[in-house]
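The values are calculated or read from the model by the stated rules, or taken from the named source; none is laboratory data. The model shown is predicted, which means the values in this text are computed figures rather than measured ones. We place every Cβ from the backbone using ideal geometry, glycine too, and count neighbours over all the protein chains shown.
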Amino acid sequence: MNIAVAVDDEVRHEARLSASEAGPAAKRIVVGYGFWVFLLSDIVMFSAFFAAYAVLAHATADGPSGVQLFSQRSVAIETGCLLASSYTCGLMSLAIGSRRYAVTYLAALVTFVLGAAFLFLSAFFTLVGCHGLHVAAGLVWLAVMMAQVAIKGIQATVERRLLCFSLFWHALDIVWVWLFTVVYLMGVLS
């Protein structure tokens, strides 16, 4: 009974410590926070591109319109590839959590192939090109991570990096849905 009271008092004392007295946050917390800041800064960058596009979309000086530039069929295929890659990336995240190496590799490979197909099919205008650059960087990142899984296994650091990749990949899909809607669909409809 006395031990429980002593532990309980100790917990209460630690709970009263301020953040500066408790010491630095765990690495996984710092990395997670930093990665969310990175993702949000990317979203801000894409938001600026979207704003510029929205302002300038009808100021083309008699240049081609969205209807003349974009093939709805090819854009639909690109979108299907990217959204399917988001699904397989989610499967990879689930496989990582359950330590299923074969499924992790298979889902990563399918994610890579679908991302590469998207990249190959994409038109490279400024907004789409910036997204394409992010997809290309993501593909390199995924290849490096699969090499790390092969060499190190799914250790805590590798798992954290793979989950950060998954967040990055899903953020790219969110950007693509907006890009598809604003640039392609609204371009074709206007």
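Values computed for the structure shown
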| quantity | calculated |
| --- | --- |
| Positions within segment 111-157 being over 20 Å from Val75 (Cα atoms), of a type in the set (Val, Ile, Thr) and in contact (Cβ under 8 Å) with a residue 24 or more places away in the chain, in sequence order | Val149, Ile154 |
| The one condition in (1) at pLDDT 75 or above; (2) over 30 Å from Val188 (Cα atoms) that Ser47 fails to fulfil | (2) |
| Cβ pairs under 6 Å, 6+ apart, first in segment 31-46 and within 18 Å of Arg160 (Cβ to Cβ), second of a type outside the set (Phe, Trp, Tyr) and surrounded by 11 or more Cβ atoms within 10 Å (Cβ to Cβ) | Phe35/Cys164; Leu39/Ala171 |
| Pairs where the first residue, in segment 86-109, is basic (Lys, Arg) and the second is surrounded by 15 or more Cβ atoms within 10 Å (Cβ to Cβ) and not in a helix (DSSP H, G or I), C-beta under 9 Å, 6+ apart | Arg99/Ile154 |
| Complete set of residues in segment 82-101 that are in a loop (DSSP other than H, G, I, E, B) and among the small types (Gly, Ala, Ser) | Ser98 |
| Matching residues, segment 174-190, being crowded, with 18+ Cβ neighbours inside 10 Å and under 18 Å from the mean Cα position of the chain (by Cα) | Val175, Trp176, Leu179, Phe180 |
